[in-house]
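Here the structure is laid out as structure tokens; the discussion comes afterwards.
The values are calculated or read from the model by the stated rules, or taken from the named source; none is laboratory data. As the structure is a computational prediction, the values presented were derived from the model and not from experiment. No Cβ is skipped: glycine too gets one built from the backbone with ideal geometry, and neighbour counts run over all protein chains shown. Just the protein is used for accessible areas: all its heavy atoms, side chains included, with ligands, DNA and RNA removed. Shrake-Rupley method; radii C 1.70, N 1.55, O 1.52, S 1.80 Å.
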Amino acid sequence: MKIDANTKLCATLAYPNRKTTVPIMHNAGFDALGLNMRYMAFEPKNIGQAMNAIRALNLVGVSVSKPYKEKVIKYLDEVDETAKEIGAVNVVHNVDGKLKGYNSDWIGAVEALEEHTQLKGKKIAVLGAGGASRAIIYGLKKRNANVLLFNRTEAKGKDLAKEFGITWGGTLDQIKDFSPEIIVSTIPHDREDTSSSPISVKASKNTHIVMDIVVRKDNSKMLIDAVENGAVAITGVRMLVLQGVFTFELFSKQKAPVEVMHSAVFDAMTKGVISKE
Ligand code: ATR
């Protein structure tokens, strides 16, 4: 690993942020291509000051995660149309001191699904109505999928469904009435937990792909059930890596070594690197 006076610095900004695999993923990619770039993790308490630090220290850019994806917008010089529509930024690129915000959350999710099937016209149930759900709904609509939304809290789910012009399916137990072809869960859970599941995917005979966006080294209970049911299971690791490809290519201007990045994340998680504080 080379670090010298010309090393270009990138970072992930979130709070808390000490369990992230994002630096491991990007540094593996930089090393594979022999790039003089490094990715660090920071835990800023003030996202506005962190944006000024990018300008002052001339960082190439940063990825942004909870709780700053919405808050960061007002500190940027420009926000691309997609990020505006989603209402959240997860990538900030520094171009000659001007900060431009993007959203690649939707890209990771859509591409992870598209590795297995095309999405046009597919009946897809999205579970949860938070920030991740917004980005994924945006992406699925862009691919002309038939999106149904399910959420524990009805009012929040209905509002989001209305905003994006998709079908409000109901609470999680109502999913069995709709037989979706694909289920995407955005419901957060403990990544060590293998015994609980937000829904019973066994109830949906028609379902052939289940994606759970929680980043973990093994399958969640929901994905274990999906596999037992003959469905393809997609973990949050794949979504993380494919959204990371967007960031990597924006920052380095090189084609990302996708599988190197994926293996780096997977190895780090398997060895428990990121499960320790
Ligand atoms: P993010 O912004 O990362 O998508 P979030 O907003 O914290 O995450 O949560 C996403 C969704 O998961 C929320 O819509 C939440 O449902 P509520 O609207 O009812 O709060 C849902 N969620 C969180 N924990 C849940 C649980 N244990 N069971 C069912 N839904 C849950």
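Counting only protein heavy atoms, what percent of the accessible surface of the chain is carbon or sulfur at a 1.4 Å probe? Intermediate values should be presented prior to the final figure.
On the way: 6570 of 12890 Å².
Within the chain, the accessible surface is 51 percent carbon and sulfur.
Mind listing which trypsin sites (Lys or Arg not before Pro) in the range 24-114 are in a DSSP loop and have 12 or fewer other Cβ atoms within 10 Å? Walk me through the numbers on the way to the answer.
Working: sites: Arg38, Lys45, Arg55, Lys69, Lys71, Lys74, Lys84, Lys98, Lys100; in loops: Lys45, Lys69.
Here the trypsin sites (Lys or Arg not before Pro) that fit, given the DSSP loop and packing criteria, are Lys45.
Considering only C-alpha atoms, what is the centroid distance from the range 157-184 to the range 106-139, in Å?
First find each Cα centre; the distance between them is then 13 Å.
If I take every Cα pair under 8 Å that is 6 or more residues apart in the range 88-166, average their sequence separation and divide by the length, what percent do I get for the relative contact order?
Numbers: 100 pairs, mean separation 20.1, N = 79.
Normalised by residue count, the contact order of the range 88-166 is 25 percent.
Can you give me the P(r) profile for the range 159-219? Cα pairs, bins 10 angstrom wide beginning at 0, each as a whole percent.
Bins of 10 Å from zero give 18, 48, 30, 4 percent of pairs.
Which log10 I(q)/I(0) values, to two decimals, does the range 52-153 give at q = 0.18, 0.24 Å⁻¹ under the Debye formula with one point per Cα?
The calculated log intensity ratios at q = 0.18, 0.24 Å⁻¹ are -0.84, -1.20.
Where in the chain are the helices, taken as whole DSSP H runs, whose Cα atoms extend 20 angstrom or more along the long axis and whose Kyte-Doolittle mean reaches at least -0.5? Can you show the working numbers first?
Details: long enough: 236-252 (23 Å, 1.21).
The qualifying helices are 236-252.
Below 8 Å between Cα atoms, with a sequence gap of 6+, how large is the relative contact order for the chain in percent? Walk me through the numbers before you get to the answer.
Working: 543 pairs, mean separation 47.0, N = 277.
It comes to 17 percent, rounded to a whole number.
Could you give me D for the chain, from Stokes-Einstein at 20 °C and 1.002 mPa s, where the hydrodynamic radius is the Kirkwood radius over C-alpha pairs? Units µm² s⁻¹, please.
Numbers: Rh = 19.2 Å.
Result for D is 111 µm²/s.
With a cut-off of 8 Å between alpha carbons and a minimum separation of six or more residues, what is the relative contact order of the range 135-181 in percent? Don't skip to the end; give the middle numbers.
Working: 45 pairs, mean separation 15.9, N = 47.
Relative contact order, the range 135-181: 34 percent.
For the range 144-192, report the convex hull volume of the alpha-carbon atoms normalised per residue, in Å³, without decimals. Walk me through the intermediate numbers first.
Numbers: hull volume 4.9 nm³, N = 49.
About 100 Å³ per residue, rounded to a whole number.
So what is Rg over Rh here for the range 10-52, counting just Cα atoms and using Kirkwood for Rh? Mind showing how you got there, number by number?
Details: Rg = 11.7 Å, Rh = 11.1 Å.
My calculation puts Rg/Rh at 1.05.
Quick one: P(r) of the range 1-112 from all Cα-Cα pairs, 5 Å bins, percents rounded to integers, in order of increasing distance.
Going out from 0 Å in 5 Å bins, the range 1-112 shows 2, 12, 22, 23, 21, 13, 5, 1 percent.
Just the ratio, please: alpha-carbon radius of gyration of the range 32-81 over 2.2 N^0.38 Å, N its number of residues. Mind dumping the intermediate values first?
Numbers: Rg = 12.3 Å, N = 50, 2.2 N^0.38 = 9.7 Å.
Normalised Cα radius of gyration, the range 32-81: 1.27.
Give me the count of lysine pairs in the range 158-236 whose alpha carbons sit under 23 angstrom apart, restricted to pairs 8 or more positions apart or on different chains. Mind showing how you got there, number by number?
Details: Lys158/Lys176; Lys162/Lys176; Lys176/Lys202; Lys176/Lys205; Lys176/Lys221; Lys202/Lys217; Lys202/Lys221; Lys205/Lys221.
For the range 158-236, qualifying lysine pairs total 8.
Compute the length gained on full extension between Glu78 and Asp177: take 0.36 nm times their separation in residues and subtract their Cα-Cα distance, giving the result in nm to one decimal. Write down the numbers at each step before the final one.
Values: separation 99, 0.36 × 99 = 35.64 nm, distance 4.32 nm.
Length gained, Glu78 through Asp177: 31.3 nm.
Rounded to a whole number of µm²/s, how large is the Stokes-Einstein D of the range 72-213 at 37 °C and 0.692 mPa s, given Rh as the Kirkwood radius over C-alpha pairs? Don't jump to the answer; show the numbers that get you there.
Values: Rh = 15.9 Å.
Here the translational diffusion coefficient equals 207 µm²/s.
Under the Kirkwood approximation for Rh and a Cα-based Rg, what ratio Rg/Rh is obtained for the range 58-112? Each step should come with its number before you reach the end.
Numbers: Rg = 10.8 Å, Rh = 11.2 Å.
Here Rg/Rh amounts to 0.96.
Quick one: Debye curve from the C-alpha atoms of the range 130-234, no solvent, what's log10 I(q)/I(0) at q = 0.11, 0.16, 0.24 Å⁻¹?
Here the Debye-derived log intensity ratios amount to -0.31, -0.68, -1.47.
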